1. Quick one: R124, R224, fewest Cβ neighbours within 10 Å first, how do they rank?
2. Which distance in Å, rounded to a whole number, links the C-alpha centroids of the stretch 250-286 and the stretch 127-151?
3. Note down the net charge around E275, summing +1 for each Lys or Arg and -1 for each Asp or Glu among other residues with Cβ under 10 Å from its Cβ.
4. Take the chain, connect every pair of alpha-carbon atoms lying under 10 Å apart with a spring to form a Gaussian network, then pick out the residue of R177, R28, R261 with the largest mean-square fluctuation.
5. Put a dot 7 Å past each Cα toward the Cβ at A149 and Q212; how far apart are the dots in nm?
6. Kindly identify the chain as rounded, prolate or oblate by the Cα gyration tensor criterion: order the square roots of the eigenvalues as a ≥ b ≥ c, call it rounded if a/c is under 1.5, otherwise compare a/b with b/c, prolate if a/b is larger, else oblate.
7. Summing -39500 (n - 2.57) over the DSSP H runs of n ≥ 4 in the chain and dividing by its residue number, what mean residue ellipticity at 222 nm do you reach, to the nearest 500 deg cm²/dmol?
8. Work out how much length M258 to S168 would gain on full extension: take 0.36 nm times their residue separation and subtract the Cα-Cα distance, in nm to one decimal.
Amino acid sequence: MGWMVSRTLLAVLLLAAIAVERYMPTARQPSKETAAALLVVALAAYMTSAAFLAAPAAPVAHAGNLLSRPWDLLPAVLFLIAAACYRQLRNDRNKQGAASLFDHSLFIVASLNVVCHASAAFSRQLFDGPFFLAELSKTCSYVVMLSGALLEQARLFEQVRSMAVTDSLTGLSNYRRLISVLEAELDRSRRTQRPFSIVLLDMDGLKIINDQYGHLTGSRALVRIAKILRNHSRAIDTAARYGGDEFALVLPEAGKDMASRVVSRIRERLSAEPERPALSVSAGVAAFPQDGDTPEKLLGAADRALYAMKNHSRSSVQNLVRIAACL
């Protein structure tokens with residue numbers, strides 16, 4: 001009786017999970033939906049136990065019958081339905097590119113339990129062949145479920161950790177990650193007595209792009225710049241979104257000359273892009289140790305150099321306008 005109640009309850013809960021997934025796929029009201037899911041679990045447990053307690057005792061199979069335990073076919077059928085549902089769910093998520101290892105493990109678990117109860121239906125005594133196959137399938141299902149849950153938790157933890165240090169729009173490191181990298185580079189450079197540089201880049205004319213082309217095009221422009229920073233950086237470099245339309249690039253073991261060449265290469269790559277609108281950036285460079293020995297000092301020095309470059313460019317444009325007017 002304990003075997004039948006526990007195994008049938010597991011099958012019923014797998015089917016209940018499918019129902020919850022289908023009718024409550026997103027948590028709009030987490031507290032109410034959690035309470036509803038717990039109510040489904042409690043009702044499934046109560047109804048399963050009550051059904052078995054109210055049912056008559058299982059008949060004793062005769063020696064000539066093919067199935068010695070035909071009542072084991074009930075959970076087998078329930079697990080078969082659950083396996084079919086999880087297979088369909090897995091295929092739907094595969095099409096969307098959202099299937100996880102846990103989805104595959106649920107399908108495998110339901111299938112192993114079908115094998116477990118189908119073989120148990122042929123078992124005539126303890127420790128015979130069908131009994132061992134049923135126990136082996138049941139144990140394997142527990143191992144698969146536990147492994148799938150642990151691997152899924154590890155994947156989710158890594159995803160959350162990555163989201164905590166990554167800018168959601170550009171995929172570059174965010175400000176928190178930038179400060180962490182700067183502190184690590186300062187410690188390393190103090191030990192090795194080697195310089196490193198930080199570059200601040202500011203996108204030119206983002207407001208004009210937003211006004212003329214729309215904010216979606218402005219966001220696309222930020223993504224384009226992020227892609228160029230990522231593709232034209234070394235593996236040891238760190239590209240980050242500093243904030244708004246500003247980006248930062250940390251260049252380990254690179255002096256100001258190398259940083260200036262990197263800036264020139266980035267500006268040339270932007271000017272050669274065929275996609276419109278055309279993009280350009282202004283940049284400021286600061287190096288350790290001559291420009292500062294803390295993240296705040298280095299960022300401040302790079303920021304001053306950046307705005308000096310922007311003011312110089314603005315003055316050059318104004319002079320060209322005056323010359324054109326005089327002509």
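Every read-out reported here was derived from the displayed coordinates using simple, explicitly stated rules and does not represent laboratory data. Bear in mind that the values here come from a model prediction, so they are computed numbers and not experimental data. Heads up, the Cβs are rebuilt from the backbone with ideal geometry, glycines too, and the neighbour counts pull from every protein chain shown.
1. On the way: R124 14, R224 17.
Going from least to most buried by this count: R124, R224.
2. Here the two parts' Cα centres lie 58 Å apart.
3. Charge balance in the 10 Å sphere: +2.
4. R28
5. 5.8 nm
6. Here the chain falls in the prolate category.
7. Values: 10 runs with 218 residues, N = 327.
Taken over the chain, the calculation gives -23000 deg cm²/dmol.
8. 29.5 nm
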